[in-house]
Protein chains: 2
Amino acid sequence: QGTRDHPPAQAALRERLLSAVVSCFKRHGAAAIDTPVLELRETLMGKYGEDTKLIYELQDQGGELLALRYDLTVPFARYLAMNKVTNMKRYHIAKVYRRDNPATTRGRYREFYQCDFDIAGQFDPMIPDAECLKIVHEILSDLQLGDFVIKVNDRRILNGVFAVCGVPESKFIPACSTVDKLDKVPWEEVRSEMVGEKGLSPEAADRIGEYVQLHGGLDLIERLLQDPKLSQNKLAKEGLGDMKLLFEYLTLFGITGKISFDLSLARGLDYYTGVIFEAVLLQQEKEHGEEPASVGSVAGGGRYDGLVGMFDPKGRKVPCVGVSIGIERIFSILEQRLEASGEKLRTTETQVLVATPQKHLLAARLKLISELWDAGIKAEMLYKKDPKLLKQLQYCEDRGIPLAAIVGEQELADRVVKLRDVATREEVRM
Amino acid sequence: QGTRDHPPAQAALRERLLSAVVSCFKRHGAAAIDTPVLELRETLMGKYGEDTKLIYELQDQGGELLALRYDLTVPFARYLAMNKVTNMKRYHIAKVYRRDNPATTRGRYREFYQCDFDIAGQFDPMIPDAECLKIVHEILSDLQLGDFVIKVNDRRILNGVFAVCGVPESKFIPACSTVDKLDKVPWEEVRSEMVGEKGLSPEAADRIGEYVQLHGGLDLIERLLQDPKLSQNKLAKEGLGDMKLLFEYLTLFGITGKISFDLSLARGLDYYTGVIFEAVLLQQEKEHGEEPASVGSVAGGGRYDGLVGMFDPKGRKVPCVGVSIGIERIFSILEQRLEASGEKLRTTETQVLVATPQKHLLAARLKLISELWDAGIKAEMLYKKDPKLLKQLQYCEDRGIPLAAIVGEQELADRVVKLRDVATREEVRM
């Protein structure tokens, strides 16, 4: 349940999609790493807040207690700490596992790919953070997924808002996870959850409401920097200052048109400490009466400066910022689009079929195909001793093989091969 | 235990190795598929004989009982049966899991990659089987691993030998797994295991010994086809007839020089029904006083005509033959060789570093690098506001980045960029 096989057509589409993502990561100078699917159970515990219950655990069959990785960020932090790496730009594309309720039409599975790019190291503020947003912008533009917006916020700003609105620090995280629902439900509902379930005072909730419903650009940042209450809060001031710097860099990258500073963005995970962001597609495809894919967020990430320190015996911190591309949701969209277009993706790359027009020529086919393989040419033949020529040409048409190399008795006698263009039926002897 | 992280240098080497293997699989017209790492426990049970105990099981957290896949062959057979596919040429490169005793210096891990190529379908005899051997030959030649031999045998011939030597059918499989040890221990030991542990009569063991120590080529096949006892056995006769046909095809492929018909080859897995084969490297590298990698088998496979039927409710069979490349062992060899050569593999593909020679030029760097990225050029910059030029050029040398694009005050005024070849220090303004 919640897993799936990828038959050749899907595997080919996925290969195409992943190669676009990998190109972008390599364009930004990232190296690849790989870590095991299995992690020690203790490595994963206490990193995902409420979602820890979604971790797949392995049966105790003796030896270490193991679990399947839940994301690629915690293993990356574990990797950095274990190898004492303090400076690294890496990408990692691999499967992760969550015992979640699958919603396969929305591209939500229990086994799915994550595509992560992260920059670890102590650097001048907001330069790596800006690059992460540039990467999201490049990938979403490159894949032509339609209009999108990248929402940006900062955990320090959110915490500052909570503080100046009179929320006690112990309730920052619950308040945060409630705010995060503002993209799905109206403010009234969020407010009543804050007051009812999370135990905030109605006054605090109302004050929060005035802030978290704001979104804008540089103008909003400037306004909040002048806000009489927020400007008194150290965390908020730091966050807003960095947000201003970020917008400066994004302006130089020429991508502020797609960026929205959105105070309702909170992100679910506990480990974020600074900038957070999330990319959302703005309009769904509605072609040929297809059901539109309800996709929502297609990329997200942020800064997590404390995670690596949790794995270091001396608690040494390595600041990190990273982005995860929601490849499964994008895959669903591309798949539906491909289906709607009626285009058939080739699942193999075969250039030529080696064929014979008469019987008793298997030896000639085997000799020729062997020469082609040795020359690096992608070639197939039918696994029959005496296939009909029509069947062989039909195979080319079914599989999109552009050429047939035909050896008959005449060709053997003349020591030539007849090369046939399957689409045009043109033939040359060579 | 028995798993490992792949840091960038290893990940880059692995990418190079896998791409050579994938090229070969694509050259032979295979399509990619992907299946989940998780399989239903019942799918895996009863498929691996004694090794079933090595399967990793997931904890029962409610829902289906799951296990981690042990190989890619059983999931492939499950896939074919479930989707009623009766004809397919596919490759699959993915991780598999075995609770084995790890021997990491020999490249044996608990989590490791398998690279499988299989041909499923009802075809004329030995044509797909010959192609599998051609693939092994191509990959091992391509990777320049040194001299190798591909041992070939057939389960029907082995079973025929057991039958004519007086072994009861119930003891074919235990006898088979004992014979399989002949490449590691002398015949005397194998014989005593047969008689002692497996309960064969001394006479039967001696008769078996006369056959299973034989190896050769077409001449041996011809001799056994004339063997007074074997030629009376239906199974053996079929196997020997097909072996002759196989050698005919391999002669046309021009690869019999590396093929040895070896009656001691048995292969561990239960599911083989016909041709079996295994490639072994003949000489180990001994350079610069390095310990030679003790590698043994680097590829193996065979025909398994009954496996798909085990997953079909009506037991419909789909004949299959396939090959698995022992990528981990090959990886160990290449890694040791790379280490010995002192060659440093680049882990990134960055073409140019965007650099500045003076302070206060971060904006110029950000603008230029953004243009480069948008033009598809692989570019990096240091994440510092005012890095020293020397540090920037040093970064290029450390990472093997061939070019630096330098924008200083003069270049900005002249609206040019200074492009510097890091190795030769040549500069052009453009």
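The values are calculated or read from the model by the stated rules, or taken from the named source; none is laboratory data. Please read these numbers as outputs of a predicted model, since none were measured by experiment. Here Cβ is always computed from backbone atoms with ideal geometry, including for glycine, and neighbour counts include all displayed protein chains. Side chains are part of the model used for accessible areas, which takes the heavy atoms of the whole protein and leaves out ligands, DNA and RNA. Shrake-Rupley method; radii C 1.70, N 1.55, O 1.52, S 1.80 Å.
Restricting attention to the range B:248-267, and to residues there that are of a type outside the set (A, V, I, L, M, F, W, C) and farther than 18 Å from residue B:182 by Cα, which single residue is most open to solvent (accessible area, probe 1.4 Å)? Among those that are of a type outside the set (A, V, I, L, M, F, W, C) and farther than 18 Å from residue B:182 by Cα, it is B:248. Against the conditions (1) within 23 Å of residue B:69 (Cβ to Cβ); (2) away from chain A (no Cβ under 13 Å); (3) of a type in the set (A, V, I, L, M); (4) in contact with a helix residue (DSSP H, G or I) (Cβ under 6 Å, 6 or more places away or on another chain), residue B:190 satisfies every one except (1). Kindly indicate whether any position in the range A:408-428 is loosely packed, with under 12 Cβ neighbours inside 10 Å, hydrophobic (A, V, I, L, M, F, W, C) and in a loop (DSSP other than H, G, I, E, B). Looking for residues that are loosely packed, with under 12 Cβ neighbours inside 10 Å, hydrophobic (A, V, I, L, M, F, W, C) and in a loop (DSSP other than H, G, I, E, B), one finds at least one in the range A:408-428, hence yes.
Applying the selection to the range B:10-49, what residues are among the small types (Gly, Ala, Ser) and in contact with a Lys or Arg (Cβ under 8 Å, 6 or more places away or on another chain)?
B:12, B:29, B:30, B:31, B:32
Exactly one residue among A:227, A:180 is within 29 Å of the chain's Cα centre (by Cα) and surrounded by 14 or more Cβ atoms within 10 Å (Cβ to Cβ), and that residue is A:180. Scanning the range A:261-274 for residues that are in contact with a strand residue (DSSP E or B) (Cβ under 8 Å, 6 or more places away or on another chain), assigned by the TED database to the domain that holds residue A:132 and on the phi > 0 side of the Ramachandran plot turns up at least one hit. Among the candidates B:206, B:242, B:142, the residue that is open to solvent by 10 Å² or more (accessible area, probe 1.4 Å) and more than 27 Å from the chain's Cα centre (by Cα) is uniquely B:206. Check whether at least one residue in the range A:50-63 is among the aromatic types (Phe, Trp, Tyr) and at the interface with chain B (Cβ under 10 Å from one of its Cβ atoms), and report yes or no. Scanning the range A:50-63 turns up at least one residue that is among the aromatic types (Phe, Trp, Tyr) and at the interface with chain B (Cβ under 10 Å from one of its Cβ atoms).
When restricted to residues that are of a type outside the set (A, V, I, L, M, F, W, C), in contact with a Leu (Cβ under 6 Å, 6 or more places away or on another chain) and without any contact (Cβ under 8 Å) to a residue 40 or more places away in the chain, the range B:337-384 contains 2. Please determine, by comparing only the residues of the range B:379-402 that are in a loop (DSSP other than H, G, I, E, B) and charged (D, E, K, R), which one is farthest from the other protein chains (Cβ to nearest Cβ). This residue is B:388. Scanning the range B:209-257 for residues being part of a loop (DSSP other than H, G, I, E, B), within 14 Å of chain A (Cβ to nearest Cβ) and among the aliphatic types (A, V, I, L, M) gives a total of 1.
Among (1) within 30 Å of residue B:76 (Cβ to Cβ); (2) at pLDDT 95 or above, there is one condition residue B:175 misses while meeting the rest; what is its number? Condition not satisfied by residue B:175: (2). The set of residues from the range A:304-336 being open to solvent by less than 40 Å² (accessible area, probe 1.4 Å) and basic (Lys, Arg) is empty.
For residue B:123, the conditions (1) farther than 30 Å from residue B:227 by Cβ; (2) open to solvent by 10 Å² or more (accessible area, probe 1.4 Å); (3) within 14 Å of chain A (Cβ to nearest Cβ); (4) not in a helix (DSSP H, G or I) are fulfilled apart from (1). Going by the structure shown, is residue B:43 more than 8 Å from chain A (Cβ to nearest Cβ) and among the polar types (S, T, N, Q)? For residue B:43, the condition - more than 8 Å from chain A (Cβ to nearest Cβ) and among the polar types (S, T, N, Q) - is met. Within the range A:131-174, the set of residues being in contact (Cβ under 8 Å) with a residue 60 or more places away in the chain and part of a loop (DSSP other than H, G, I, E, B) comprises A:143, A:145, A:146, A:147. For residue B:376, state whether it is at positive phi, open to solvent by 40 Å² or more (accessible area, probe 1.4 Å) and within 14 Å of chain A (Cβ to nearest Cβ). Taking the combined requirement at face value, the residue satisfies it.
Taking the stated definitions as given, is residue A:171 basic (Lys, Arg), more than 14 Å from every other protein chain (Cβ to nearest Cβ) and within 25 Å of the chain's Cα centre (by Cα)? No; evaluated as a whole, the condition is false for this residue.
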